[in-house]
Each structure stands twice: as structure tokens, then as C-alpha cells.
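Structure first, commentary second.
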Amino acid sequence: MTAGIRRLLTASGIATGLVGFLSVLDMAVGIPFARFSMVMDVMFLISSLLVIYMIRQCFQELR
């Protein structure tokens, strides 16, 4: 695996983890977005889990 692809996957994993963390934090405490939309929080969490799964698959394929 080239270094560029590894950096791209790592950066997208960090961004996705941040989005997932903020959505869970908003659902639990209401800090970042004051529980504006619970549906959007759930959709952000599901999409971040899917992206993390795809990143994991890419790392396994490119080994």
C-alpha cells in the first residue's frame, strides 16, 4: 500500500470518528448541537459506522 493511500484512509477515518463521536455526544448530552435533530444524529452515526467499515475493508484488501 502506498503512503498516500494510507494517509488518505487514516485522515478519512479520523474525520469519520469525529463525526460519530459528536453525534453520540449530541444524543447523550446535547452539547454540540443542542439536540436539534435526533434523526440526523442517528443518520450521522450510521453513516460514520459504514465509512469506518469500508476503511477497514480497504486496509485488509491492500495488505
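The values are calculated or read from the model by the stated rules, or taken from the named source; none is laboratory data. From a predicted model like this one, the values you see are computed outputs, not experimental measurements. Cβ: placed from backbone, ideal geometry, glycine included. Neighbour counts: every protein chain shown.
Values as computed for the structure displayed
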read-out: Selected residue (criterion: surrounded by the most Cβ atoms within 10 Å (Cβ to Cβ)) from residues of region 9-44 that are among the small types (Gly, Ala, Ser) and assigned to a helix (DSSP H, G or I); value: SER23
read-out: Complete set of residues in region 23-40 that are under 12 Å from the mean Cα position of the chain (by Cα) and of a type outside the set (S, T, N, Q); value: VAL24
read-out: Hey, GLY4 among the small types (Gly, Ala, Ser), surrounded by 13 or more Cβ atoms within 10 Å (Cβ to Cβ) and either in a helix (DSSP H, G or I) or modelled with pLDDT of 95 or more (or both) or not; value: no
read-out: Residue match in region 49-62 (condition: polar (S, T, N, Q) and surrounded by 12 or more Cβ atoms within 10 Å (Cβ to Cβ)); value: no
read-out: Residue check, ILE52 in a helix (DSSP H, G or I) and free of Cβ contacts under 8 Å to residues at least 60 places away in the same chain; value: yes
